[in-house]
Amino acid sequence: SVNPAIPGWTSTGLYAAAGEPVRVQIPAERAGKGYALRIGCHSDTLYHLDSWLRAPEITKSVSLDMAETTVSSAFGGLIYIVVPDKAADGTRFTCALHGGIPAPHFVLGLHSDAQWAGEISRHPAPWAEFECGNIILSCPADTARAVRNPAQLMEFWKKVVEAQDEITNQAAERRRPERIVADVQISAGYMHSGYPIMIPVSAAEEMVTFNRLKFPGWGFYHEIGHNHQRPHFTFEGTGEVTNNVISMWCYEAVLGKDWLIGHPNITAEARAEHIQKIKRASDKWAVWKSDPFLALTTYIQLVQGFGWDSWRKYLHSFADPAHGPMPAGDDERRDQFLVRYSKIVNRDLGPLFDFWGIPVSPAAKASVAGLEPWMPKM
């Protein structure tokens, strides 16, 4: 069953064996309308890397231009129907697939833990997926089969995405689930954001482990946070910062833990060193924008001083015309960061911006100068 209202990859629960043909049949009226059959979730290409742990390109996507299409892949992989970004007809339809191997595929709300343990986890394909309405996890089947509580696991991940959607005011924007895919080698970094978010296969076990003692860590929330970043609240120097504010919110809202435990660079000791570093700096702005965890300390001070609701109101303010037009560039983004946040908390944050060396215009400072000045205790 394919829902044209959800663009991107629709999981089929089937796996194409390497070299074996897969035949797909779709309604004739859908042929040539932008749909495709994809084999493989490992979409990163590795041609630019000096060495490879796998072939540099192992997925295949074929346009469904006819009512019946046969595809095979030299590498095999999970099978997806790809829905175009703006499908003309939003009516759900069914397609028929012939030749695939059943994969372990758990869907929250459709399957139970008992069904997973008794039948679904035993499906023979080498890759598996855990799915809920707003996120899908792809990992080796052997890793997936060790999961005993898939419903609890996916309820957790559902809440992670919901929390980030809510605080960034993006719940209404969501058109498709996030995806996280484990791979033996990815195109950049330890993990990276995008569709899908890519992680090393060594992190797959952590991704699917959720219990009283263990839970997925910082990197996952960080990458989902990247997918929630928007230009209006992310100026130069904060590309690896504002997503981390969103990450910390997951510890507070979902895990119910101290939101400052997630990373060694945000401990009280680390933050104290960041403060001393900026005090020593001759060019504070150059230091601030080149050190993401130092810059994050500024945001931590705001949340500590005024609570998470101040951060929420700041992000939500961009949808409220009463706060003025959207910023047009980095100068305006920094100005609006000062002005919007100051007005939300009813304090002049100019002294804080001066301390950290964040440049803002005289006009922006003047617009909040009538409020009581504020600086955190340091």
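Computed from the coordinates by the stated procedures, all read-outs in this text should not be read as laboratory data. All figures in this text were calculated on a predicted structure; none of them were measured in a lab. Glycine also receives a Cβ, built like all others from the backbone with ideal geometry; neighbour counts cover every protein chain displayed.
Structure data summary
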| quantity | calculated |
| --- | --- |
| Amide H partners (placed H, <5 Å) of Leu14, local residues excluded | Ile79, Ala103 |
| Residue-wise HN-Hα coupling along the stretch 21-34, computed from phi with Karplus coefficients 6.51, -1.76, 1.60 (Hz; x: Gly, Pro) | x, 10, 10, 10, 10, 10, x, 4, 6, 8, 5, x, 10, x |
| Distance from the stretch 91-150 to the stretch 183-243 (C-alpha centre basis), Å | 22 Å |
| Relative contact order computed over the stretch 103-228 (Cα-Cα under 8 Å; 6+ residues apart), in percent | 21 percent |
| Relative exposure of Thr45, Thr143, judged by other C-beta atoms within 10 Å (fewest first) | Thr45, Thr143 |
| Tensor-based shape of the stretch 241-369 (alpha-carbon gyration tensor, a/c under 1.5 rounded, otherwise prolate or oblate) | oblate |
| Helix axis angle, 330-345 relative to the chain longest principal axis, alpha carbon, degrees | 70 degrees |
| Cα-based equivalent ellipsoid, the chain: semi-axes from gyration tensor eigenvalues, Å | 43, 23, 19 |
| Amide H within-cut-off set for Ser187, under 5 Å, with H built and near neighbours excluded | none |
| Difference of contour (0.36 nm per residue) and Cα-Cα distance, Arg280 to Asp320 | 10.5 nm |
| Charge dipole magnitude, Cβ of K and R +1, D and E -1 - the stretch 103-228, Cα centre, debye nearest 20 | 140 debye |
| Semi-axis lengths (Å, descending) of the ellipsoid that matches the C-alpha gyration tensor of the stretch 1-101 | 25, 16, 11 |
| Potential lengthening between Arg23 and His192 on full extension [0.36 nm per residue; Cα-Cα distance subtracted] | 57.6 nm |
| DSSP-assigned coil residues among trypsin sites (Lys or Arg not before Pro) in the stretch 99-181, each with at most 15 further Cβ atoms within 10 Å | Arg148, Arg174, Arg175 |
| The stretch 1-65: chymotrypsin sites (Phe, Trp or Tyr not before Pro) falling in loop per DSSP and having at most 10 other Cβ within 10 Å | Tyr47 |
| Restraint check, Lys284/Lys343; Lys158/Lys257; Lys86/Lys313; Lys284/Lys365, Cα-Cα greater than 23 Å | Lys284/Lys343; Lys86/Lys313 |
| Segment Asp65-Met378, length gained on full extension (0.36 nm per residue, minus Cα span) | 106.3 nm |
| Table column - 3J(HN,Hα) (Hz), the stretch 61-78, Karplus curve with 6.51, -1.76, 1.60, x for Gly and Pro | 10, 10, 5, 8, 8, 10, 5, 9, 9, 10, 9, 9, 10, 5, 10, x, x, 4 |
| Where chymotrypsin sites (Phe, Trp or Tyr not before Pro) fall in DSSP loop in the stretch 256-326, at most 12 other Cβ within 10 Å | none |
| Calculated from backbone phi, Karplus (6.51, -1.76, 1.60) coupling profile of the stretch 277-287 in Hz, x at Gly/Pro | 5, 6, 5, 7, 5, 7, 10, 4, 5, 4, 5 |
| Residue exposure sequence - His111, His48 - by fewest surrounding Cβ within 10 Å | His48, His111 |
| Relative contact order (percent, whole number), the stretch 241-369, Cα cutoff 8 Å, 6+ residue spacing | 22 percent |
| Mean residue ellipticity (222 nm) of the chain, computed from DSSP H runs ≥ 4 via -39,500 (n - 2.57), nearest 500 | -10000 deg cm²/dmol |
| Interchain or long-range residues, amide H under 5 Å from Val22's placed H | Val71, Ser72 |
| The chain, relative contact order in percent, only Cα pairs under 8 angstrom and at least six apart counted | 12 percent |
